[in-house]
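The next block holds one structure in the form of structure tokens; read it before the comments.
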Amino acid sequence: MNTLLCVLSCLLTLAISSPSPTWFDLTFSAEWDAFKQDYNKTYESDEVENLRKFIFAENKKEIDDHNELYARGFTTYSKSVNQFTDLLKIEFAAQYFGYNSSTSREDNKSSNSSLDSSDYDYDNYHEFTPDLEVPTSVDWRKAHVVTRVKDQGRCGSCWAFSATGTSAKCKFNKKDFKVKLKGYHIIPADENSLRDAVAAIGPISVAINGYGIMDYSQGIYDNPNCDGQRLNHAMLLIGYGIEKDIPYWLVKNSWGAQWGEKGYIRMRRNRNNLCGIASAASHPEIQQNSEEEEEEENLIN
């Protein structure tokens, strides 16, 4: 965080003391005004707005350069201006990435305490039959088991949206259905097992390295520089498919419907575990209470 404050301070000084960059012409100024209007952006001072304008221009140039490659067929996805374009990459990561492989499972325990489960087993690996026959494409939205895209805001709670999304359509009245969260099945860390899991079970909680997706717009995300060892963002895998002979994962994000493909991203599948998408996949196991547990619950109520 100290590094972030230092960077912002230096940029603010530069924005105040220096003229706008030579490439920041009237076109950028018009786009800046449109950006503020589209995303209802206001700033506490002219100095802060100049800083944000400077960052916006840098990000916009990067977006334009990338989209030139996309237009020429050198990449399979495009970028666009969105609600995050006035943020530094490091600033964005600090505000919107909340996944931590060493703590997220403990957080999930406390967040699901209302399900009255005193024990959560994370060492229960779910094994699938080798060469399981699965469909060529899956989209769980078509089965109406995926809720609408939500916006986590700046609280860094991506793991919560991912974890609860795996059982999003399992809402129930405790008086009618006596169930508890038994544990979490961990999916083996390979893409075939992940494919089998999402086909056979349903939406799966996954974690990725999200540093490159801030300005993702559409298409199949395929970034060869994405380090799959640095997992920092949790999302919900809801399916997979193939487009123009390119296999992809269909993933639900938690940054609102304005981001990406109406809140979703398609990521290249079978690309050496791109961004680590298969490295930390899991889904909850819901178990019906025993008769003794139901009787105890009735006495409490």
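The values are calculated or read from the model by the stated rules, or taken from the named source; none is laboratory data. The shown structure was predicted, so the numbers you read here are calculated from the model rather than taken from an experiment. Don't worry about glycine lacking a Cβ; one is built from the backbone with ideal geometry, like all the others, and counts go over all protein chains shown.
Name the residue, out of Tyr211, Tyr248, Tyr240, Tyr221, that is at pLDDT below 95 and of a type in the set (Ser, Thr, Tyr). Result: Tyr211 is the single residue among Tyr211, Tyr248, Tyr240, Tyr221 that is at pLDDT below 95 and of a type in the set (Ser, Thr, Tyr). Ala160 passes every criterion in (1) modelled with pLDDT of 60 or more; (2) within 20 Å of the chain's Cα centre (by Cα); (3) not polar (S, T, N, Q) apart from (1). Scanning region 29-50 for residues that are under 27 Å from the mean Cα position of the chain (by Cα) and among the aliphatic types (A, V, I, L, M) yields one hit, Ala34.
When you look at Asn40, is it outside the structural domain of Asp245 (by TED's automatic domain parsing) and assigned to a helix (DSSP H, G or I), yes or no? No; evaluated as a whole, the condition is false for this residue. Scanning region 234-251 for residues that are over 13 Å from the mean Cα position of the chain (by Cα) and assigned to a strand (DSSP E or B) turns up Gly239, Tyr240, Gly241, Ile242, Glu243, Ile246, Pro247, Tyr248.
Are there any pairs with C-beta distances below 7 angstrom linking a residue in region 68-84 that is under 16 Å from Lys244 (Cβ atoms) to a residue that is of a type in the set (Val, Ile, Thr), with the two at least 6 apart or on different chains, and if so which? Here the result reads Thr76/Ile220; Thr76/Ile246; Tyr77/Ile220, each pair linking region 68-84 to a residue that is of a type in the set (Val, Ile, Thr). Does Arg266 satisfy the criteria of being charged (D, E, K, R) and crowded, with 23+ Cβ neighbours inside 10 Å? Answer is yes for this residue. Mind checking which pairs have a first residue in region 247-273 that is assigned by TED's automatic domain parsing to the domain that holds Leu237 and at positive phi and a second that is polar (S, T, N, Q) and buried (at least 24 other Cβ atoms within 10 Å of the Cβ), Cβ under 6 Å, 6 or more apart or different chains? Going by the 6 Å Cβ cut-off, the qualifying pairs are Gly263/Asn253. When you check Gly202 against the structure, is it on the phi > 0 side of the Ramachandran plot and modelled with pLDDT under 95, yes or no? In short, yes.
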